Amino acid sequence: MNSTFVFVFGVALFASACAQEQKKLVALPAHDFENGTDFDNLLKGRPVIGTVELGEPRLLRFGILPSDEGEFPNAVVTLTTTNAHGDADLFCAPWVYLRRANRLPGRRFHVWRSIHSQDQDSIFLSSKSAEYQDALVELDTSSDGKNSTALAAAFACSVAGESNTPSEFEFELDVSFNEHKLVKEEQKAMKSIYKKCCTGESCLRWLRHTGNITERVEIDDTEIELDFCHRYGSVCTSQGRLKRLDMRGYNLTCPFPVEELAKMESLEKLDLDRNQLEGDVGEILAGLAGLKKLVHISLGDNDISGTLSSPSEACDLFEGGLQFINLRANRINGRVPSCMLASPKLREFHMSRNSLFGKIPDVIPEGSDLEAISLTTNRLSGSIPKSFANAELLRYVFLSKNRFSGQIPDALGALPFMETLDLSNNKFAALPDAWTDPEWTPPETLRRVSVASNSIKDEFPGPLGKAENLGTLDISENSIHGELVIEEGSFPSTINFNASFNEIEGTIPEAAAGMGVFQPIPLTLGEFPRFDVRSNKMSGEIPAFFYPNVTGSIAFRGIHLEDNEFTCRSPDDLQYIFELECNPDPAGYEDQVVVELTGQPDIEKRSESSSSKKSSTGKILPAVLGCLAGVVIVAAIVAVIVIRRKKNKRMAHVIYPKDGDVEIGGVAAAPDTEPNAENGQDNDRILPADSVRS
């Protein structure tokens, strides 16, 4: 037979098989948030290509039909972020869960999630899982005027933008009737890990029955799952080899199982956070260097010790293309090896809460892919390397609680995609020159800046007020001087402003009324608005917008003006400000026009005689009423949360992840305590527990 004919026939047969699998999809009823062409692309086996803005969800829904024999296929959902500065996350759940809750999948409502900053990540929808079985519904499959219904597994996924830069993405769906069973060699390796690292009921997360319809093996009178192709968070190739192994919080207590993991030749992502693994970090990294496809290692919150500089084979991982490493909260000491930060492919480097010392190597190359670095709570010293300017994609920098000194370099404060910069609790002496230059324009992406608790002797960084998305500015506990430079339109999004314990002089500008902290704040924000200028050298009249009768909700913000020399209309009206002592000057407010934040004038006349008639009871009553009002509001919020949680408790597999130690574009590193916490995949981006979270 002609070889060309055989080749063409084989290709046609393969294409036909793929087409048959894609035809196993069925559309769900239309939804307002859905793009009508997305399902058509999935049905034809094409990726959905799109762009999402920060906080914007793109809903994608699909139903999966069974085979003629009634078997349902497995499905792999793959999300690829295709632009250099983009960051998009993927959340999925059975469609029926969303109909009950009347909400889209997201960070606080999902069953499966993939939160990452690498180019690509996948979610595996196992047909053997209890959640997949929950997704089965009757759907309308009518066509050509013939009415019909069919049982289908209906899912909804949302792609959410997580960066200030628009995120370009590709969403792919592959269904397969292959068995998708972990190969015997890797099952044997998993069995060895269990025997070495688990005693009795120590590995409860491994022992907990997931509801999966998978084979369980008896080891020492205990039944466990070894087929991690169907365990939540783990993903296998079509050949049944682990592509991602997720054993976070399994309570593995043993020397690090290098020998077993080295057999998983297709492994790309390894997540073993929150265990009790021991061993020398250099030997562990050297042992994993043979895994040529490995791009992601997360071993945070273990008991790993030693230094990173020995043996030298540990550098082979970085030279081979490692993109993500998390070794936070271990017992690692020594210096940061040059080979790690010199890797042009490294994207995230997390070594917080160890015992590293010395300087950061000045070796970041031009064109570096570095997006996040976290070295909080070590003993690092010296100045910030100039080569940070080469990391033009850098978005998150956490260097707090170290011994860095000198001036914060201009390059670090002005990188074009910087979102969070935390340099607090160091020995820096000066701000970047640009931050006090009136002609400077900060990057649009900037969200959070903290230089608190340093030795900075500089003027107030007024130009930062032009950062339209800056939500937090903390410059407290320094020697910053001069006046509070806040102009019209400054700090429009800043709801956490802390300039306390400095040497700032002058008054609070009237233009401060336009700051984000003084605007209406929705209860769903999740942050408590704060304006703090206590313990400075400020004086003058407290502006009218601080008075509750002008700005009704201001008492529910954290306002701190104490330990200054302010004058005020009447101290009684400002009792909500803790420990405030101001010099009353009612005569200066006679017949004054007070302008509300809404722009409506409120003529208020007060006389000395009316002020003098207030008794001690009149002073206490407003404070008591304010406290009662606060208690009522907090109780109402708690009641709403409790009711909603009870309402959704029926959906036992929906995850409401707790905010933990980690998140960048985010990570939840605290152990999951929800009954079904193992169903969710934690964030792949790690931030220190004491960092300002994005």
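Descriptive notes on the structure:
- Nonpolar atom fraction for region 437-535, defined as the carbon and sulfur part of the 1.4 Å probe accessible area, stands at 47 percent.
- Computed lengthening from His481 to Asp174, 0.36 nm per intervening residue step minus Cα-Cα distance: 104.5 nm
- Sorting the segments 132-142, 278-288 by their mean number of nearby beta carbons within 10 angstrom, highest to lowest, gives 278-288, 132-142.
- Measuring between alpha carbons in the structure, the pairs from Lys269/Lys401; Lys243/Lys293; Lys292/Lys345; Lys293/Lys345 lying more than 18 angstrom apart are Lys269/Lys401.
- Ordered by solvent-accessible area of protein heavy atoms (1.4 Å probe), largest first, the residues Ser143, Ser405 come out as Ser143, Ser405.
- Distance between the pseudo-spin-label points of Thr222 and Ala429 (7 Å out from Cα toward the beta carbon): 5.8 nm.
- In plain terms, the chain from Ala101 to Val258 could stretch by 52.2 nm, reckoned as 0.36 nm per residue minus the Cα-Cα distance.
- Relative contact order of region 286-352, defined on C-alpha pairs under 8 angstrom at six or more residues apart (%): 38 percent
- In this rough spin-label picture, where each label sits 7 Å from Cα along the Cβ direction, the Lys181-Asp437 distance is 6.6 nm.
The values are calculated or read from the model by the stated rules, or taken from the named source; none is laboratory data. None of these values were measured; they are calculated from a predicted model. Virtual Cβ from ideal backbone geometry, glycine too; neighbours counted across all protein chains shown. Side chains included, ligands, DNA and RNA excluded: accessible areas come from the protein's heavy atoms. Shrake-Rupley method; radii C 1.70, N 1.55, O 1.52, S 1.80 Å.
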